[in-house]
Amino acid sequence: MDVRPRFPLAPVLSGSALWRARAPQPRSVLQAGAVRHVTSGRVAIVHALRAMGAGPGTVVLLPAYHSAAIVPPVLWCGATAVFYKVRPDTSVDLDDIAGKLAGATVLLVTHYFGFLQDMPAIRAFCDAHSLLLLEDCAHSFFGEQAGRPVGAFGDYAIASSMKFFPIYEGGCIVSARHSLANLTLHGAGMGFELKSLLAALENGFAYGRLGPLSAVLALPLRLRNYLWNKHKRARGGASAALAPSSSDSSFQLEPVWIDKRASLFSRLVMALSSTRRIVARRRGNYQRLASVLAELRGARPLHATLPDGVCPWVFPMLCDDGDALAARLLAARIPLLRFGAPAWPGVDATTCSNSAALGRNVIALPCHQALLDSELDAIIVALREALQDRDFQ
Ligand SMILES: *Cc1c(COP(=O)(O)O)cnc(C)c1O
């Protein structure tokens, strides 16, 4: 049985990905301030924490509802992670944070799924309590609020470029308030540059997006396999990774990648992409899924509306029974993700019952720009079938 999803969970390269129109492009975290491109969002968190002086004896406040990838950067800096609560709608619980300020220097806030937190209020809270603010824009590469691009309220912001662009690796650190000029980054070498290029091509290729290019690509992909094997033999085993494991859905932080620049290919794709199309297609796909869900029982959009200024990362739905629905959708080979599960060890319902419930009952479907209309149709058919078959209806 083929268990691979029928289509990609994350954007893949396609012919239409690289047409940047002259029309104005939507606002993104890149417009929030100074920018440096690294290989992942978690590496960007390390740089931001270091710049804010997080280290032994300091506390970094992290949301209990999280990607486990945000914790290792805090520990790597020698700081202590303290987890704060979120509300049922994923907004940060400032009352809870107010009780956890002892030793705290940094507050990390995540814009879950692309929906923005109330940043004017959070900024005011941080100023009142002498906290530095790190905006986690891993889910919100695009967006604006109160006339400012996403990421502009934080002392620093980070983003995970690979969640929004058809690239194999990439994250960025941004600051509206500080220079990033003395952050030293190095190229990671030719093997990495090639891997980044070929992995992105191969991914587009695997999902049938690159049509006639496939034939042209067959040779470089064979060459790639040859080079990989040679490289592995030369360096021996697991330590020889040409790219960080952050590109393969691990939660680890690999120190050797901290000071590495994103590949030229990733930066080029980001510069050439029509970000207008990315935002328009993501919002359009999201809205189609939301309108279908409105007619069904057993699941509803986590958010009742899609506000202006939001570009969704995925389409999060709140389900009566997350496990049962996920099993049905996966059986139909629909790609999905369940954010916040698993959480960092020790973070559970006693830390924050809302986070635990969100981790259990939110299922997120893809709405990215590289989904074909026929693929969105297939998601909708599977969703209807999965929800209409439910026993409890
Ligand atoms: C993915 C993610 C990160 C880390 O980004 P990487 O690019 O995978 O390192 C940080 N925060 C959140 C909320 C994420 O989902």
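The values are calculated or read from the model by the stated rules, or taken from the named source; none is laboratory data. All figures in this text were calculated on a predicted structure; none of them were measured in a lab. Ideal geometry is used to build each Cβ from the backbone, glycine not excepted, and the neighbour counts take in all protein chains shown. Heavy atoms of the whole protein, side chains included, go into the accessibility calculation; ligands, DNA and RNA do not. Shrake-Rupley method; radii C 1.70, N 1.55, O 1.52, S 1.80 Å.
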TODO: Would you mind pulling out the separation of the Cα centroids of the range 331-345 and the range 185-216, in Å?
DONE: 26 Å
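Return the FRET efficiency for the residue pair Leu264, Ala332: r is the Cβ-Cβ distance, R0 is 25 Å, and the value is rounded to the nearest 0.05. Kindly include the intermediate steps, with their values, before the conclusion.
On the way: r = 39 Å, r/R0 = 1.55.
FRET efficiency, Leu264 to Ala332: 0.05.
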Open item on the list: Placing unit charges on C-beta atoms (Lys and Arg positive, Asp and Glu negative, everything else neutral), compute the dipole magnitude of the chain about its Cα centre in debye, rounded to 20.
Closed with: 1400 debye
Task: GNM flexibility winner over the chain from Leu198, Leu329, Leu296 (Cα, springs under 10 Å) - done: Leu296
Open item on the list: Ignoring ligands, DNA and RNA, please state the percent of accessible area on the chain from carbon and sulfur, probe 1.4 Å.
Closed with: 56 percent
Open item on the list: At q = 0.22, 0.25, 0.27 Å⁻¹, what log₁₀ I(q)/I(0) does the range 264-332 have when each alpha carbon counts as one equal point scatterer in the Debye sum?
Closed with: -0.96, -1.10, -1.21
Task: Helical contribution to [θ] at 222 nm, DSSP H n ≥ 4, -39,500 (n - 2.57), averaged over the chain, rounded to 500 - done: -10500 deg cm²/dmol
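Can you give the Kirkwood hydrodynamic radius for the chain, in Å, rounded to one decimal and based on Cα pairs? Write out the running numbers ahead of the final one.
On the way: mean 1/r = 0.0462 Å⁻¹.
About 21.7 Å for the chain.
Treating only the Cβ of Lys, Arg, Asp and Glu as charged (+1, +1, -1, -1), what charge dipole size does the range 221-364 show about its Cα centre? Round to the nearest 20 debye. Display every interim value, and only then the final one.
Details: 21 positive and 9 negative charges, 205 e Å.
In debye, rounded to 20, the range 221-364 gives about 980.
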- [ ] State the answer as a single residue: which of Gln287, Leu272, Ile97 lies farthest towards the positive end of the charge dipole of the chain, with beta carbon charges of +1 for Lys and Arg and -1 for Asp and Glu, about the Cα centre.
- [x] Leu272
Open item on the list: Once you place label points 7 Å from the Cα toward the Cβ at Asp96 and Asp118, how far apart are they in nm?
Closed with: 1.6 nm
Open item on the list: Heavy atoms of the protein only, probe of 1.4 Å, neighbouring chains included. What is the accessible area of Thr350 in Å², nearest 10?
Closed with: 120 Å²
Open item on the list: Taking the solvent-accessible surface of protein heavy atoms with a 1.4 Å probe, what is the per residue accessible area of the range 1-109 in Å²?
Closed with: 40 Å²
- [ ] State the percent of C-alpha pairs, over all pairs in the range 236-393, separated by a distance greater than 21 angstrom.
- [x] 58 percent
Task: Residues Ala341 and Arg300, FRET efficiency given R0 of 25 Å [Cβ-Cβ distance, rounded to 0.05] - done: 0.85
Task: Heavy atoms of Phe205: accessible area, 1.4 Å probe, square angstrom to 10 - done: 70 Å²
TODO: Treating cross-link reach as a plain straight distance, find the lysines whose alpha-carbon is under 21 Å from the alpha-carbon of Lys195, omitting any fewer than eight places away in the same chain.
DONE: Lys163, Lys230, Lys232, Lys260
Task: Residues Arg276 and Glu193, FRET efficiency given R0 of 25 Å [Cβ-Cβ distance, rounded to 0.05] - done: 0.35
